[in-house]
Every structure is written in C-alpha cells, then in structure tokens.
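Visitor: Okay, here's the structure, questions in a sec.
The values are calculated or read from the model by the stated rules, or taken from the named source; none is laboratory data. Keep in mind that what you see is a predicted model, and the values were worked out from it rather than measured. As a convention, Cβ positions derive from the backbone with ideal geometry for all residues, glycine included, and neighbour counts pool all protein chains shown. To get the accessible areas, we keep the full protein, side chains included, count just its heavy atoms, and leave off ligands, DNA and RNA. Shrake-Rupley method; radii C 1.70, N 1.55, O 1.52, S 1.80 Å.
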Amino acid sequence: MIRLLIALALIPALAWAQAYPNRPVKVVVTYPPGGTPDIYGRVMAAELQKKWGHPVIVDNRTGAGGTIGTDAVAKAPPDGYTLLFAADATVTLAPAVIAKLPYDPVKDLTPIVNVAAGPFVLLASPSFPPNTVQEFIALARKQPGKIPYASSGAGGQQHLAMETVRAMTGIDVLHIPYKGFGQGLTDVMAGQVPLIFGGITASISLIKSGKVKGLAVTSARRAKALPEVPSFAESGLPGFDIQAWYGFIGPAGLPQDIVRKVNADSLAIIERPDFQQRLARDGIEAVGNSPEAFGDQIRAGIERWAKIVKAAGIKPE
C-alpha cells in the first residue's frame, strides 16, 4: 500500500518532467546582438525550438559586463523556463575582477552543457614591424614600457591575455583600455596603437583582408580557420591556452531531469556535421560535454583566472 501511494505521488512530477517544455522558454544572452554569444545563442534557441515545439525566445539582457543578465538567471525560478546562454567571462572571470558580484557562479548556477569554444588572436597593425610573437617579444625587451596595446577594457579577457604574456616573458608593455573592442580595433588598423587581442570570429576576415596581421592564437594549437597563424604555445610560450566558451547554464536547483534533457537535446545539435561546419567557419569548435564535466571546467576556470588577476596586480572593483 505504501509503495502504491509513493508511486501515485510521483506520477504528477514525472508527467511534468516528461512534458518539459510545455510553454515558451527564455534564453538570456548577456551581450548585445551581433557578437558570438548572441549569434550562437540564437542558433541554439532556434534549433531547440524545432525539437521542443514551443517558442525559445532570446532575451538580450546586457549591462555591467554581462553580470546583470547572469544575475537575473541566478535569481530566476529553477523550472527550466529561464536559461542562460553564457559566455565564460561572467562565470569564470567575473569573480576575480568584481568585488561585490551579486551571484556565486558555483552555488547559484547549474552547468548544463558547454556548446563551443574559441581562442583569441593577437592582432597587429600592418605598420607594426614585428610579424611574429618572437619578434614582438624581442622588440618589447629592447623598448620596455614603450609599446602600447589596446584592449576592450581593464580586467577583461583581452587585457588579461596580454598580462599572461607579460607574466610568461617578463616584458613590459603599456596597456591602453578602450570602451569596447571596436574602438580599439579602429586605432590598431589606423596604426595609432600597434596591438590588440580579438575574438577569432571577428579576426578571420580582418586578417584575410589585410586590415591587420595575426601574430598568434591563444589556443593550445592552431585554429583550423586560421591555419597560417601559429599558437602562442608553438611561439615559445608552452602551456599558453586561453579560450572563450559559450554554453547553457540554469539557476541553482534546476531539476536533474531538465538538466539532462537540455543537455541531451543540445548534444544532438552540437554533434550534427552542419552545425560543426558552421562553427568551423567562425573559427570556433564544438565542445559538447556533460553537466558534471562542465561544472569541473567552470571551477577550474575560476581558479585559473583568479591566479592570473592576482599576478597582474589587478584589484577587484
């Protein structure tokens, strides 16, 4: 009798889980339209909508470096109807550079699946004499403190990528933070500032059109979309590997059956050859991992960025 009562009590919950989703799902993207997180957030939303038969709506919740949208998801009901298509900066880097982060990335969020990842590229003005990382490092050692580089802002991944180069080589270069990648890139193309790190998707066309030179990619190996550009690791900085990732995350307490469903349905999309070909054109690669592996990746990323930020002498603000 007791078993029967337990079974009857479980029926509504099981039916609810099996029915998920039975209404529109909102996917929060914390960056403006047009960037890689937005592009692939919309691609994944459109594909999941086909699978689920219910609207999957992208909500661009921008501001405060992406932390406003991330916080909104962290505080959303854990019912699967508000998901985050996250870029790693608001999850792994933010704890190291924001003093009063309104959420704990480990305690307040549920990893679901890492969809894709891609490196940055060290871009140089066509007029900058060095054509390789080795030549840049040699020149920086001859001219300590005199070679400037642009970034999209202090404490961002572009800034910290160069801080990692500094820490590994001992060079002294001058940081010039801009209010966004576009402004810094404009000055690099014009030769006003010689260097900037850019995401690979935006960098591909810039390099191929000759508007900038690609000195190195930040992934452990060369990017398939830029086979002519070496990695930092093969340019004399072994172990150098910085990549941006994009993936689905939910609020803490998200039921495991929903986590597994979103993960499985996302993996079915990620594993399709046409999806992987699209990623390849943009210079990024499919990941597709388990929620547990994604959680391990996030915790390792938090620890790694904390060390880089500390070594750079950057204080959380």
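Visitor: Go through the residues of segment 6-22 one by one and say whether even a single one is surrounded by 15 or more Cβ atoms within 10 Å (Cβ to Cβ) and modelled with pLDDT of 95 or more.
Guide: Scanning segment 6-22, I find at least one residue that is surrounded by 15 or more Cβ atoms within 10 Å (Cβ to Cβ) and modelled with pLDDT of 95 or more, so the answer is yes.
So that you can scan it fast, the table gives a plain yes or no per residue for (1) within 30 Å of Ile137 (Cα to Cα); (2) without any contact (Cβ under 8 Å) to a residue 12 or more places away in the chain; (3) of a type in the set (Val, Ile, Thr):
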{"position": "Glu234", "(1), (2), (3)": "yes, no, no"}
{"position": "Pro238", "(1), (2), (3)": "yes, yes, no"}
{"position": "Gln243", "(1), (2), (3)": "yes, no, no"}
{"position": "Gln256", "(1), (2), (3)": "no, yes, no"}
{"position": "Lys261", "(1), (2), (3)": "no, no, no"}
{"position": "Ala268", "(1), (2), (3)": "no, no, no"}
{"position": "Gly283", "(1), (2), (3)": "yes, no, no"}
{"position": "Asp296", "(1), (2), (3)": "no, yes, no"}
{"position": "Arg304", "(1), (2), (3)": "yes, no, no"}
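Visitor: Scan segment 38-74 residue by residue and report those that are among the aromatic types (Phe, Trp, Tyr) and open to solvent by 10 Å² or more (accessible area, probe 1.4 Å).
Guide: If we filter segment 38-74 for residues that are among the aromatic types (Phe, Trp, Tyr), which is where we start, we get 40, 52.
Within segment 38-74, just Trp52 meets the criteria.
Visitor: Which of the numbered conditions does Arg61 fail, given that it passes all the others? Conditions: (1) within 18 Å of Pro77 (Cα to Cα); (2) in contact with an Asp or Glu (Cβ under 8 Å, 6 or more places away or on another chain); (3) modelled with pLDDT under 95.
Guide: Here Arg61 meets the rest and fails (2).
Visitor: Evaluate the following for Met162: is it open to solvent by less than 10 Å² (accessible area, probe 1.4 Å) and over 20 Å from Gly66 (Cβ atoms)?
Guide: yes
Visitor: Among the residues of segment 89-104, how many are surrounded by fewer than 23 Cβ atoms within 10 Å (Cβ to Cβ) and within 17 Å of Asp296 (Cβ to Cβ)?
Guide: Selection size over segment 89-104: 2.
Visitor: Please find, among Pro119, Pro111, Pro126, Pro77, the residue that is open to solvent by 20 Å² or more (accessible area, probe 1.4 Å), of a type outside the set (D, E, K, R) and part of a strand (DSSP E or B).
Guide: Going through Pro119, Pro111, Pro126, Pro77 in turn, the sole match is Pro111.
Visitor: Which of the numbered conditions does Ser151 fail, given that it passes all the others? Conditions: (1) in contact with a Gly (Cβ under 7 Å, 6 or more places away or on another chain); (2) open to solvent by 10 Å² or more (accessible area, probe 1.4 Å).
Guide: Among (1) in contact with a Gly (Cβ under 7 Å, 6 or more places away or on another chain); (2) open to solvent by 10 Å² or more (accessible area, probe 1.4 Å), Ser151 violates only (2).
Visitor: How many residues does segment 131-148 hold that are under 13 Å from Phe232 (Cα atoms) and open to solvent by less than 20 Å² (accessible area, probe 1.4 Å)?
Guide: Here the count works out to 3.
Visitor: Kindly indicate whether Val262 is in contact with a strand residue (DSSP E or B) (Cβ under 7 Å, 6 or more places away or on another chain), in a helix (DSSP H, G or I) and within 30 Å of Ser290 (Cβ to Cβ).
Guide: So Val262 passes the test.
Visitor: I would also like to ask the following. Which count do you get for residues in segment 93-108 that are closer than 30 Å to Leu195 by Cα, part of a loop (DSSP other than H, G, I, E, B) and either aromatic (Phe, Trp, Tyr) or in contact with a Gly (Cβ under 6 Å, 6 or more places away or on another chain) (or both)?
Guide: Qualifying residue count, segment 93-108: 0.
Visitor: Please determine whether any residue of segment 235-247 is part of a helix (DSSP H, G or I) and more than 15 Å from the chain's Cα centre (by Cα).
Guide: Scanning segment 235-247, I find at least one residue that is part of a helix (DSSP H, G or I) and more than 15 Å from the chain's Cα centre (by Cα), so the answer is yes.
Visitor: For segment 200-231, name all the residues that are closer than 18 Å to Pro37 by Cα and crowded, with 23+ Cβ neighbours inside 10 Å.
Guide: Residues satisfying the conditions are Ile200, Ser203.
Visitor: What pairs come out if I take residues in segment 212-225 that are modelled with pLDDT of 95 or more and pair them with residues that are among the β-branched types (Val, Ile, Thr) whose C-beta lies under 6 Å away, six or more apart or interchain?
Guide: The qualifying pairs are Gly214/Val121; Gly214/Ile207; Gly214/Val229; Leu215/Val133; Ala216/Val133; Val217/Val121; Val217/Val229; Thr218/Ile242.
Visitor: Among the residues of segment 132-190, count how many are of a type in the set (A, V, I, L, M), assigned to a helix (DSSP H, G or I) and over 30 Å from Thr90 (Cβ atoms).
Guide: Filtering segment 132-190 for residues of a type in the set (A, V, I, L, M) gives 133, 137-140, 147, 150, 154, 160-162, 165, 167-168, 171, 173-174, 176, 185, 188-190.
Restricting the remaining residues to those that are assigned to a helix (DSSP H, G or I) gives 133, 137-140, 160-162, 165, 167-168, 185, 188-189.
Imposing the further condition that a residue be over 30 Å from Thr90 (Cβ atoms) reduces the set to 137-140.
Matching residues across segment 132-190 total 4.
Visitor: What number of residues within segment 262-316 satisfy the criterion of being closer than 14 Å to Met44 by Cα and open to solvent by 50 Å² or more (accessible area, probe 1.4 Å)?
Guide: Count: 7.
Visitor: Next question. Within segment 234-257, restricting attention to residues that are of a type in the set (A, V, I, L, M, F, W, C) and more than 11 Å from Pro119 (Cβ to Cβ), which residue is most open to solvent (accessible area, probe 1.4 Å)?
Guide: Only one residue fits best here, namely Ala252.
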